[in-house]
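The values are calculated or read from the model by the stated rules, or taken from the named source; none is laboratory data. Note that this is a predicted model, so its numbers are computed, not measured. For neighbour counting, all protein chains shown are included, and Cβ atoms are generated from backbone atoms with ideal geometry for every residue, glycine included. SASA here: full protein model, heavy atoms, side chains in, ligands and nucleic acids out. Shrake-Rupley method; radii C 1.70, N 1.55, O 1.52, S 1.80 Å.
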Amino acid sequence: MTDPRRTEQVHPDYADLDTLAPDALIAALADDQLGAVRAVQAAAPQLTAALNAAVPRLERGGRLVYVGAGTSGRLGVLDATELTPTFSWPPERAVPLIAGGERAIRQAVEGAEDDEAAGERDVQAVNIGPDDVLIAVAASGTTPYVLGAARSGRAAGALTVGLANNPGAPLLAAVDCPVLLDTGPEIISGSTRLKAGTAQKIALNTLSSALMVRLGKLYGNLMVDVRATNAKLEDRARRLVQHATGADADAAQAALSECGGSVKTALVMLKLGLGAQEAAQRLEGAGGHARQVLGEGEALGTSAS
C-alpha cells in the first residue's frame, strides 16, 4: 500500500540516482531544491496570515515558541537562536523545544518524536500563554510529539502556527494558522532533510524576519538592532550607522560609544542631534520604531487587517 504522505513516496524521476556521473548527481540534487522555493512562494498567503496574527501578541510581550522533532526541531532551534544576535531579540522570548531535549540537537533520540504526551508536557513546562506564538514544524504533519505540543499550546490560548509538507496533514488541522509547504517526494526517497527541510528553513526565515521588520527591528533593510559581539559585527555596526546617517567613521563610532553600541540609538542621535539618553527614550516611547521617531513614516508594528 502506498503511503498517502507525499514526503514518504518514492520519487518517480530518479530511479538511477546512484548511477549518475558526479556532475549530473550534483545537478540533480541542487535542481530538486528549487521545489522548496516554489513551495514557500505558494504558501505566501498563509505565511502573511500568520504574520498578521502574531504581531499583536508579540507587541504585548509574547514569546516565539518553536516545536519540532529531528530535522524540523533542529531548524526551529537554529531560527530561535539566530534572532538574538541578528535582531537583539531577548533569548528568553525565543524558546525552542525539540523532541528528546537538547541531546537531540546532535543525535537521534529513539522514540522521542512518537511521544505525544511529552510534547504536551514540554509546552506546559514553559508556561505558554495567550500572548505567545507557538510555531510547530513537522514535514509529515503527523509527528505525535509536535501534535501534542500544538494541541497543548492551542488549549492554553497561544496562537498556533503549523508548518507541514503534506496536504491534509493532521498538524494543519490542529493549528490556528496552517502553512502547507507542498514539496512532494524527495529525490532521496523519504529524506525530508532535503527539500522539505529547505522549505521549512526558508519559511521560518521568512516568517521570523518579517516579524522582526514589523516589530521595528530594521530601518529600511538595515539591521539596526544587530548585537555587536565581535570585531566583525562592531565594524558592521559602524558602517550601518554611516550608511543610515551619512556621518563619517569617527562620528559614527563616537555615537556608538556614547550609546553602548546600539546602532538604532546612534542613528537617531546623529539624525536628530540628540544625546544618547534622549534618543533611547524616544525610541522606547515609539516601541522601537526608528522611522516613527524620525518622522519619516508610520510605524509598521500594527498588523494589517
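Here are the numbers for the structure shown:
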| read-out | value |
| --- | --- |
| Orientation-averaged projected area, Cα convex hull of segment 54-124 (nm²) | 5.1 |
| Counted charge near ALA36, where neighbours are those whose Cβ lies closer than 10 Å (Asp, Glu -1; Lys, Arg +1) | +2 |
| Amide N of segment 153-192 lying under 17 Å from the label point, which is placed 7 angstrom from the Cα of ARG38 along Cα→Cβ | 165-167, 180-188 |
| Candidates ALA27, ALA158, ALA150: whichever shows maximal mean-square fluctuation once the chain is modelled as a Gaussian network with Cα springs under 10 Å | ALA27 |
| Degrees, to the nearest 10: 263-272 long Cα axis against longest axis of the chain | 40 |
| Fully extended contour minus Cα-Cα distance, from GLU258 to ALA125, at 0.36 nm per residue | 43.8 nm |
| Helix-only CD estimate at 222 nm, as mean residue ellipticity for the chain, using -39500 (n - 2.57) per DSSP H run (n ≥ 4) | -15000 deg cm²/dmol |
| Whole-percent carbon and sulfur share, accessible surface of the chain, 1.4 Å | 51 |
| Degrees between helix 231-245 axis and first principal axis of the chain (Cα, 0 to 90, nearest 10) | 60 |
| Residues with amide H under 5 Å from that of GLY141, placed H, sequence gap 5 or more | ASN165 |
| Cleavage-rule hits, GluC sites (Glu not before Pro), segment 75-181, DSSP coil, Cβ neighbours within 10 Å at most 13 | GLU110 |
| Charge dipole (debye, nearest 20) of segment 75-129; +1 at Cβ of Lys and Arg, -1 at Cβ of Asp and Glu | 280 |
| Residue with peak Gaussian network fluctuation, the chain [Cα springs, cutoff 10 Å], from LEU256, LEU51, LEU97 | LEU256 |
| J(HN,Hα) series, segment 196-207, from Karplus relation 6.51 cos²θ - 1.76 cosθ + 1.60, nearest Hz, glycine and proline x | 4, x, 4, 4, 5, 4, 5, 5, 5, 4, 5, 5 |
| Most positive-pole-ward Cα, LEU222, ALA30, ALA156, against dipole of the chain from beta carbon charges | LEU222 |
| Non-local Lys pairs in the chain, i.e. 8 or more apart or on different chains, that have alpha carbons under 21 Å apart | 5 |
| Lys, Arg +1 and Asp, Glu -1 on Cβ, resulting dipole of the chain about Cα centre, debye, nearest 20 | 800 |
| Accessible area in square angstrom per residue, segment 74-208, 1.4 angstrom probe | 38 |
| Amide H contacts of LEU97 (H built 1.01 Å from N, under 5 Å, at least 5 apart or other chain) | TYR66, VAL67, GLY68 |
| Cα-centred dipole magnitude for segment 135-242, charges only on beta-carbon of K, R (+1) and D, E (-1), debye, nearest 20 | 340 |
| Segment 168-227-segment 49-63 distance, computed between alpha-carbon centres (Å) | 16 |
| Helix axis angle, 70-87 relative to the chain longest principal axis, alpha carbon, degrees | 10 |
| Choice from ARG227, ARG154, ARG60 showing the highest fluctuation, given a GNM over the chain with Cα pairs closer than 10 Å | ARG60 |
